[in-house]
Amino acid sequence: MRPSRRDVVIAGSAVLALLVLGVALGLIWYRLAPAELSVVLRDGTTAALPTESNHRFDGLALFVLMGFGAGLVSGTALWQWRSRRGPVLLIVGVAASLLSAWVAYRLGLWLAPSNSPQPAGTLVAVPPTLSSAIAIVAQPLGTALAYTASVSFSGDGRAHPKPPPETGVAAEVSSGTGSA
């Protein structure tokens, strides 16, 4: 079965919207993730101050929670798109969410400035990092969870597009109210 032009337009719109969301998430994460205060050692490397080492986790946790929240919102928004429900929209949504999270991940790390060499003993703010790329799975997980929960709790029991309401003579004849 070949996808209709409308299906392709809807899938493309979902992908584009989620890519824009990924750019926004990357910018927000970069602005909110805390820098880690470190001291420059003699060999030029940095060592985190004892009270600052938790900021690595803070940046990762912030990215995961933002991605999961964005996934929940996008999965719910995809379900509300009543004209085209179904497994194809779920797959497109999850794949686009994965791409969106990857864009946020790469953009956030790209925006983080690199430190120029400093003399030993200097305090520097090390830009936020994401210690694990697996963090990008939170957004597609949220999308899949929200979409499938919406399917489970919907009253109609099906995830397929709703047929358009009947109007005109055909509706009157099928309901028995038409003049004979």
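Among the residues of the stretch 47-56, count how many are touching a residue at least 12 places away in the same chain (Cβ under 8 Å) and within 28 Å of the chain's Cα centre (by Cα).
Total satisfying the criteria: 3.
Identify the residue in the stretch 103-142 that is over 14 Å from the mean Cα position of the chain (by Cα) and of a type in the set (Ser, Thr, Tyr) and, among all such residues, is modelled with the highest pLDDT.
Ser132
Determine whether Leu78 is touching a residue at least 40 places away in the same chain (Cβ under 8 Å) and surrounded by fewer than 20 Cβ atoms within 10 Å (Cβ to Cβ).
No; evaluated as a whole, the condition is false for this residue.
Starting from residues that are touching a helix residue (DSSP H, G or I) at 6+ places or on another chain (Cβ under 7 Å) and of a type in the set (Ser, Thr, Tyr), keep the ones in the stretch 106-137 and report whichever is surrounded by the most Cβ atoms within 10 Å (Cβ to Cβ).
The residue in question is Thr129.
Does the stretch 69-82 contain any residue that is modelled with pLDDT under 85 and either in contact with a strand residue (DSSP E or B) (Cβ under 6 Å, 6 or more places away or on another chain) or not in a helix (DSSP H, G or I) (or both)?
yes
The values are calculated or read from the model by the stated rules, or taken from the named source; none is laboratory data. Everything numeric in this text was worked out from a predicted model, so none of it was measured. Using ideal geometry, Cβ is built from the backbone for each residue, glycine included, and neighbour counts are taken over all protein chains shown.
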